[in-house]
Amino acid sequence: MNIALWIAQGISALMFLMAGMMKSFQYEKAKASMDWVKTSPKGLVTFIGVAELLGGLGVILPYATGIAPVLTPIAAIGLAVVMLLAAVFHARRKEYSSIGMNILFVALAVFVAVGRW
C-alpha cells in the first residue's frame, strides 16, 4: 500500500508542479495551449497555478521529510477540491473532454488523502 501511495503522490506532484509552473510563470505558453486561459483573467490563472504548485509540493515534501506529515493529506484534499472546481468550470464551458483528467486527479488525490491520514 505504501508503494502505491508513493506512486500516486509522485504522479500527482509531477502533474501539478508542471501545470502550476506553466500557469504561474509561463502565461503566454498556457494561453497558447489551453483554450480556457484565453478567456480567463490572468490573475485567476496565476492563482490557480500557485495553488497547484503549493499542492504539488505539499503532497510530497511533508511526508517525505517527516516535518509535519499531516500536511500531505491536507494538501491532497486541497488538490481534490481544485480538480473538482476545474471539472465544474469545464462542464459550464461545455469542455467535456477535459473533465476526465480532472476526475482522474480527484481520485488520485482522494486516494493519497485517505491513505496518508
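FYI, it's all coordinate maths here, none of it is from the lab. Nothing here was measured: the structure is a model prediction, and the numbers come from that model. Please note: Cβ atoms are built from the backbone with ideal geometry, for glycine as well, and neighbour counts cover all protein chains shown.
Put simply, the Cα atoms of region 20-117 extend 40, 26, 16 Å along their principal axes, the longest span coming first.
A straight line joining the Cα centroids of region 71-117 and region 19-48 runs 18 Å. Helical runs (DSSP H, four residues minimum) scored at -39500 (n - 2.57) apiece and divided by the length of the chain put the mean residue ellipticity at 222 nm at -26500 deg cm²/dmol.
Each of Arg93 and Asn2 was given a label point 7 Å from its Cα along the Cα-to-Cβ line. The distance between the two points is 4.1 nm.
Normalised by the residues of the chain, what does the relative contact order come to in percent, with Cα pairs under 8 Å and at least six apart?
Over the chain, the number comes to 28 percent.
For region 2-116, the number of Lys pairs separated by eight or more positions or lying on different chains, with C-alpha atoms closer than 15 Å, is 6. Give, as a single signed number, the net charge of other residues whose beta carbon lies under 14 Å from the beta carbon of Gly20, with Lys and Arg counted +1 and Asp and Glu -1. Taking every Cβ under 14 Å from that of Gly20, the sum is +1.
Report the extension gain between Met101 and Leu85 in nm, rounded to one decimal, defined as 0.36 nm multiplied by the number of residues separating them, less their alpha carbon distance.
So the extension gain works out to 4.5 nm.
Relative to the longest principal axis of the Cα atoms of the chain, the long axis of helix 71-92 makes an angle of roughly 30 degrees. For the chain, a Gaussian network of Cα nodes joined below 10 Å ranks Ile11, Ile67, Ile48 by mean-square fluctuation, and the top entry is Ile67.
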